[in-house]
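Notes follow once the structure below has been shown.
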Amino acid sequence: MKKGDYHHLDHVKEQQTSKKTLWITLLLTLFFTIVEVVGGLMSNSLALLSDSAHMISDVFALGLSMTAIYMATRKPTKKYTFGFLRFEIIASFLNGLALAVIAIGIVIEGIKRMINPQDVDLQLMLTIASIGLVVNIVLTIVLSRSMKEEDNLNVKSALWHFIGDLLSSVGVITSAILIYMTGYYLFDPLISLVIGGIIFTGGAKIIRESLLVLMESVPEQFDLEQIRQDLNEVEGVEDVHELHLWAVSTEHYSLTAHVFVREGIQPYCVILAINHILQTKYGIDHSTIQIEHPTILDHGEYGKQFLLKQA
């Protein structure tokens with residue numbers, strides 16, 4: 001074995017489509033963020049400033065996502081034996097948290113402005129929001145197409161950011177039209193409250209998904225009991241226990257299991273059959289199977305009960 005080769009499978013993730021998509025998205029977002037911040041300050045529109053605050057979070061989110069993608073390409077080391085794939089999930093969690101915090105800030109400011117309404121420059125507000133709508137439609141389409149090619153929680157979190165932005169732009173335009181038609185400036189903070197609610201919903205969804213990975217829960221697409229049943233049907237297998245399945249990152253899964261086998265059976269054949277089922281039926285390439293017998297390796301009460309059933 002060469003020095004530095006720690007695994008038969010590389011814990012790396014090459015994501016050329018996601019990388020290209022995020023670079024395009026980041027540059028466009030950065031440009032429009034500057035435009036929207038200036039426009040929001042000049043027009044004195046909270047709805048527009050709320051949208052610009054969300055755009056600033058987008059730049060932060062996309063920066064984290066880009067970092068995660070480049071980290072995921074780094075090889076495992078003696079210290080980081082799973083490589084740096086998990087940084088993708090950490091970045092997604094921070095993105096979701098940023099969305100939630102920004103949403104709460106928008107709601108608080110919206111309530112303040114509902115109590116003390118302020119005048120806004122409708123023409124400038126409408127112009128900036130219309131440009132933002134076009135930009136956000138383009139970016140949402142770009143990210144949606146990328147998601148179809150590569151499943152990536154980072155891109156998904158970025159997509160949620162831009163869905164929120166798209167709805168925010170629609171909200172700002174709606175607010176400007178309603179203020180123009182009615183003369184009530186109350187619509188500006190009211191629309192910002194709706195925008196805040198949408199942003200918080202997206203943030204909460206991303207936080208939940210990333211937390212499930214960080215807590216090493218069984219990914220939702222897998223039925224652990226069905227996997228146990230399939231492994232129990234392998235010739236020579238008499239019991240499957242200590243079964244664990246988790247996601248290191250999106251589309252990178254690991255499974256471990258302890259297996260009691262019948263005496264006289266070739267353990268390598270059992271492992272080969274189990275790995276074949278995991279790879280072909282479930283797409284799990286990284287598995288660790290420990291072959292055991294309760295009379296040799298003490299399993300406490302569990303082993304005693306198993307031997308009683310066998311007897």
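Remarks
- Sparse-neighbour loop sites [GluC sites (Glu not before Pro); segment 209-266; at most 13 other C-beta within 10 Å; DSSP]: Glu216, Glu220, Glu233, Glu235, Glu263
- Nearest-ten-degree value, helix 267-282 long axis tilted from longest Cα axis of the chain: 20
- Unit charges at the beta carbon, dipole of segment 187-311: most positive-side option, Val194, Val218, His252: Val194
- 5 angstrom amide H check on Leu243, placed H, neighbours 5+ away: His258
- Computed from Cα atoms, the angle from the helix 46-72 axis to the main principal axis of the chain rounds to 30 degrees.
- Applying the Kirkwood pairwise sum to the alpha-carbon positions of segment 224-310 produces a hydrodynamic radius of 13.5 angstrom.
- Helix 122-149 axis versus longest C-alpha principal axis of the chain: approximately 20°, rounded to the nearest ten.
- Sequence-distant residues sharing a close amide H with Val261 (under 5 Å, placed H): Glu238, Glu292
- For Pro117, neighbours were defined as the other residues whose beta-carbon sits under 15 Å from its Cβ, and their charges (Lys and Arg +1, Asp and Glu -1) total -2.
- Cα gyration tensor category, rounded, prolate or oblate, for the chain with a/c compared to 1.5: prolate
- Simple Cβ-charge dipole of the chain, Lys/Arg +1 and Asp/Glu -1, about Cα centre, in debye nearest 20: 760
No value in this document is a laboratory result; all are computed from the given coordinates. Values in this document were obtained by computation on a predicted structure and should not be read as measured data. So basically every Cβ, Gly included, is an ideal-geometry build from the backbone, and we count neighbours across all protein chains shown.
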